[in-house]
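**Q** Quick one: structure below, then a few questions.
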Ligand SMILES: Cc1cc2nc3c(=O)[nH]c(=O)nc-3n(C[C@H](O)[C@H](O)[C@H](O)COP(=O)(O)O)c2cc1C
C-alpha cells in the first residue's frame, strides 16, 4: 500500500506548480502536485516558444496516439520559437462544448505534464483541479490518468462526483459529469460527456487517490457520506492560504482594508473530522517553524503548503517576479471581488501587476481564455457563458450585474503572465500579471532567490 505523504505541495495554477516543481518535491518522497489548469494552453504556448529543452516533444513522443501527437506538433511547434512581439496561436476559448480537436489538446497537454513530472523516478505525483472549472475536467483527468497520475486534489466547490468519475475513467468507459448551471431547472439539466474510446485504451488505468480540498465540517461530512465513490482524504484549508479562499460563513463583512472578516464559525472542528475516519492534511500557513508537528499533534497526516513552494526556483514563477517579490514588503491582500469565481482571492501587492489600480484600469477588458466563465441557463433553455471580468456591457447583456463586474480581474490572463507565457496582442499591448500567495508570505524567513523545493521540504520536516 502507498504510504501517505507528510507534505503535500499544493497545486498552484496557472503553471506555478508545473511538472518541474512537482517532480522536485516528489523525488524527496513527498507529494508533488501539478496544477491541472489550462494544460493544453501551456503545452501549445511552450511549443510555440520553441520547446528549447525538448521536454514537450519528448513527452508527446510517449503519447499513446501517435497521430494526435504529430498533428499537435505540426500545428503549434515553432522550431526557432515565436518572436517576442508575435501573439500566440491559442489552444482555443473555453465556451460551450469542446470539440474533438480541443479535447485532443487537453488530453495530450495533461498527459505531457504528468509524464514529465513522473519521468525517471518512483515518487508520487498528483494533479489539482478547481471544481468550478468543469468544461475540461473529464479530459484533463483522463490525460493525467493516461500518464499514471497517483493523486487528484479538487477544491473550489463540492466535488461529490469526482470519485465516481475517477472510477469510471479508470475503466475506460463513457463518463458523464453534471454541470453547475445558474438558473438551471434541475441539476440534471446539463451534462458533460467524455468518451475515452477515441484514445484507444483497453487496459484499465490506475484509479488515483482522491483528496478533496475543503474548509468546513459540513462539506467534509457531505463528501464522506454522499460522494459517488471513495474519498481518500481531506485537505482542510484555512482562509490564510494562497489562491482562492472559501468565503466566510454568513453575510460577508469587510475590514478596513476591504478584506473579508473570518471568525469562529469558519473554523473547522477537527474532532468531528476525525470521526469520519478519513486521513486529513492541514493547509494555510503551515510552512512556519513547528507547524508540521502541530498539525500531526492535531491528528493530521501532514500538511499542504503552497506559498514557500511558489517562491522556489523550480516553480513556474519567472525569476524577475520572484526577485521583485523578495525585494518588496511581500504584502498580500484578500480581495473579495477580484476573482470571477466569486470566491475571495489573495493578491500579492506588486508594482506593475493587477494589484495596482492604474494597471487594472488601463487593461482593456477581454475574455479570451474563458476558464472561469459562469455557465447560465438562457431563456431559450440553452447554456450561456459569462465572466464578471469580461467587457462590462457584454456581461450585463448576459444577465450579469455591473456590481459584480466592478473590481473583477482576469485571472486567466494575469496568472499565465506570472509564468512567462502571457499574451501580447497585435497592437503591442502586453497582459499584466496577477500574483497570488498566502498571508504567510511576509512571515516566512527562509525565502531566497535560489531556494529549492528540497530545502523547503527539509525545513518543513525538521
Ligand atoms: C501561487 C499559488 C497558487 C495557488 N493556486 C491554487 C490552485 O490553482 N488550486 C488550489 O486548489 N489551490 C491553489 N493554491 C493553494 C495551495 O494549493 C495551498 O493549499 C495553499 O497555498 C496552502 O497555504 P499556504 O499558501 O499558506 O502555504 C495556490 C496557492 C498559491 C500560493
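What follows is calculated from the coordinates using simple rules that are stated; it is not laboratory data. Given the structure is predicted, the values throughout are model-derived calculations rather than measurements. Backbone-built Cβ (ideal geometry, glycine too); neighbour counts: all protein chains shown.
**Q** Exposure proxy check: 423, 186 ranked by fewest other beta carbons within 10 Å?
**A** 186, 423
**Q** Going by C-beta contacts inside 10 Å, put 132, 82, 225 in order with the fewest on the left.
**A** 225, 82, 132
**Q** For a footprinting-style exposure proxy, rank 28, 307 by other Cβ within 10 Å, fewest first.
**A** 28, 307
**Q** Multiply the residue gap between residue 296 and residue 454 by 0.36 nm, knock off their C-alpha separation, and tell me the result in nm, one decimal place.
**A** Full extension from residue 296 to residue 454 adds 54.8 nm.
**Q** When all alpha-carbon pairs of segment 255-364 are counted, what percent fall beyond 22 Å?
**A** Value for segment 255-364 (Cα pairs over 22 Å): 51 percent.
**Q** What do you get for Rg/Rh over segment 295-338 if you use C-alpha atoms and the Kirkwood form of Rh?
**A** On the Cα set of segment 295-338, Rg over Rh gives 1.11.
**Q** Separate question: Show log10 I(q)/I(0) for segment 59-153 at q = 0.16 Å⁻¹, two decimals, from a solvent-free Debye sum over equal Cα scatterers.
**A** Each listed q corresponds, in turn, to -0.75.
**Q** Stretched out fully, how many nm does the piece from residue 426 to residue 82 gain, at 0.36 nm a residue minus the Cα gap?
**A** Full-extension gain reported as 122.5 nm.
**Q** Expressed as a whole percent, how much of the Cα-Cα distance distribution for segment 386-462 exceeds 19 Å?
**A** Tail of P(r) above 19 Å: 60 percent of Cα pairs.
**Q** Segment 176-233: Rg/Rh from Cα coordinates, Kirkwood Rh?
**A** Result for segment 176-233 is an Rg/Rh of 1.05.
**Q** Counting residues in segment 1-129 as N, plug N into 2.2 N^0.38 Å and put the Cα Rg over that result.
**A** Relative to the 2.2 N^0.38 Å estimate, segment 1-129 comes out at 1.09.
**Q** When the Cα centres of segment 371-447 and segment 266-305 are compared, how far apart do they sit, in Å?
**A** 32 Å
**Q** Can I ask one more? Mind ranking 83-95, 167-179 by how tightly packed they are, going by the mean number of other C-beta atoms within 10 angstrom, highest first?
**A** Highest-to-lowest ranking by the protection proxy: 167-179, 83-95.
**Q** Continuing with the same structure: Grab the beta carbon distance between residue 197 and residue 276, set R0 = 41 Å, and tell me the FRET efficiency rounded to 0.05.
**A** About 0.65, to the nearest 0.05.
**Q** Using helices alone, I'd like the mean residue ellipticity at 222 nm for the chain: each DSSP H run of four-plus residues gives -39500 (n - 2.57), total over residue count, nearest 500.
**A** -8500 deg cm²/dmol
**Q** If the viscosity is 0.692 mPa s and the temperature 37 °C, what translational diffusion coefficient in µm²/s does Stokes-Einstein give for the chain when Rh comes from Kirkwood over Cα pairs?
**A** D = 147 µm²/s.
**Q** Rounded, prolate or oblate: pick one for segment 402-443, where a ≥ b ≥ c are the square roots of the eigenvalues of its C-alpha gyration tensor, a/c under 1.5 means rounded, and failing that, prolate if a/b is larger than b/c, else oblate.
**A** Judged from the Cα gyration tensor, segment 402-443 comes out oblate (a/c at least 1.5, b/c at or above a/b).
**Q** Further question on the same structure: Going by a ≥ b ≥ c, the root eigenvalues of the Cα gyration tensor, does segment 208-262 fall in the rounded group (a/c under 1.5), the prolate group (a/b larger than b/c) or the oblate group?
**A** prolate
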